[in-house]
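To start, the structure itself, in structure tokens.
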Amino acid sequence: MKSPLLSLPGAVPAEGVDEGVAAHYGDLFREQRALADGTGFVDLSHRGVLTVTGEDRLSWLHLLLTQHVSELPVGEATEALVLSANGHIEHALYLVDDGVTVWIHVEPDTQEALIAYLESMKFFYRVEVADRTADIAVVHLPAGSIAPVPVGVVVRETAYGRDLFLPRADLESFAEKTGPAAGLLAYEALRVEHHRPRLGFETDHRTIPHELGWIGTAVHLQKGCYRGQETVARVQNLGKPPRRLVFLHLDGSEVHLPPAGADIRLAADGPDGRKIGFITTSVRHHELGPVALALVKRNVPVDAELVAETTAAAQEVVVEP
């Protein structure tokens, strides 16, 4: 769904899964600094939006998600996962309950598959699931923002800012009042800085929550059964995940960033060394320079110097080995 804010001056469209919103508006670092200072907003209207209503909505979701939501307080933001039977991550949900409705936003174009799963699990529960992507857009206000929220708009507030579930028809008027707009690349740079994983970027078909540090934030270890719980409990109690998320400081003298999927090797092993991981997201940060998130094998020494393709990289621990 193409955002009307792509008509703003300087807007350059994002590509791939983020197609439909602006990658930037002409000045990536200015946009990053604005978000870091708590000003402006980010158009996330390409994300999927769904709602769950009905008196059983929280108790029902509690049975299906990795998060404890049966008694979720009104207005309290949380995040949760849907796992496969083998414990692999299938969906990431960002949600808030307004007292009547659970509002959820998800990665672009994943809402249909998630809704199909939820519908298959309704049974006798008094719930209704609806796809609201066509009429509701997600807009992000950064932490520290004092921008007013339109009356009646549901807000999901976190330490990183506020996600607004805004009527799609109000996007342009909201932008006029709240600007300046910051593009998705600025938002992603701050996400990487804060070591926050993203479905489809830091995950692949075999990712389990422990690898990304999602235990505690999206996975509650003291709740009842849900699909994939056996794997979560087994790894938590008896073992270690095979991989771990790391934050990389990349050599700033390189012109090009190593792309997602770029092989990582130990610097000591040279260019023909064994692959020990791969880049998941790489960005240029307004203060830190070129940085990235990556998945590496759990047993890679935390002080080892790494190479991403031909770019030297120093690691910072996100998930303990």
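The values are calculated or read from the model by the stated rules, or taken from the named source; none is laboratory data. Here the structure is a predicted model, which is why all the values come from computation and not from measurement. Backbone-built Cβ (ideal geometry, glycine too); neighbour counts: all protein chains shown. These area figures cover heavy atoms from the full protein model, side chains too; ligands, DNA and RNA do not enter into them. Shrake-Rupley method; radii C 1.70, N 1.55, O 1.52, S 1.80 Å.
Some observations on this one:
- Inter-residue pairs, beta-carbon under 7 Å, first in contact (Cβ under 8 Å) with a residue 24 or more places away in the chain and assigned to a loop (DSSP other than H, G, I, E, B) and in the stretch 302-321, second of a type in the set (S, T, N, Q) and exposed (fewer than 13 other Cβ atoms within 10 Å of the Cβ), 6+ apart: PRO321/ASN299
- Any hit, the stretch 118-130, residues being in a strand (DSSP E or B), modelled with pLDDT of 95 or more and under 19 Å from the mean Cα position of the chain (by Cα): no
- Filter result for GLU287 (assigned to a strand (DSSP E or B), acidic (Asp, Glu) and either in contact with a His (Cβ under 6 Å, 6 or more places away or on another chain) or open to solvent by 20 Å² or more (accessible area, probe 1.4 Å) (or both)): no
- Residue in the stretch 252-268 that is surrounded by 13 or more Cβ atoms within 10 Å (Cβ to Cβ), β-branched (Val, Ile, Thr), touching a Gly at 6+ places or on another chain (Cβ under 7 Å) and over 24 Å from VAL69 (Cβ atoms) present: yes
- Evaluation of ARG33 against (1) surrounded by fewer than 22 Cβ atoms within 10 Å (Cβ to Cβ); (2) of a type outside the set (Gly, Ala, Ser); (3) in contact with a strand residue (DSSP E or B) (Cβ under 7 Å, 6 or more places away or on another chain) (one fails), failing number: (3)
- Where GLY26 falls short, out of the listed (1) out of contact with any Phe, Trp or Tyr (no Cβ under 6 Å at 6 or more places or on another chain); (2) open to solvent by 10 Å² or more (accessible area, probe 1.4 Å); (3) touching a residue at least 60 places away in the same chain (Cβ under 8 Å): (3)
- Hits in the stretch 105-114 - residues which are of a type in the set (A, V, I, L, M, F, W, C), crowded, with 18+ Cβ neighbours inside 10 Å and not in a strand (DSSP E or B): LEU114
- Subset of the stretch 85-104 that is in contact with a helix residue (DSSP H, G or I) (Cβ under 9 Å, 6 or more places away or on another chain) and open to solvent by less than 10 Å² (accessible area, probe 1.4 Å) - its residue that is farthest from VAL151 (Cα to Cα): GLY87
- Look at the stretch 10-22: where a residue is in contact (Cβ under 8 Å) with a residue 60 or more places away in the chain and a partner is aromatic (Phe, Trp, Tyr), sitting 6+ places away or on another chain with Cβ atoms under 7 Å, you get ALA11/TYR25.
- Set GLY183, GLY228: member being over 25 Å from VAL17 (Cα atoms), open to solvent by less than 20 Å² (accessible area, probe 1.4 Å), of a type outside the set (D, E, K, R) and in contact (Cβ under 8 Å) with a residue 60 or more places away in the chain: GLY228
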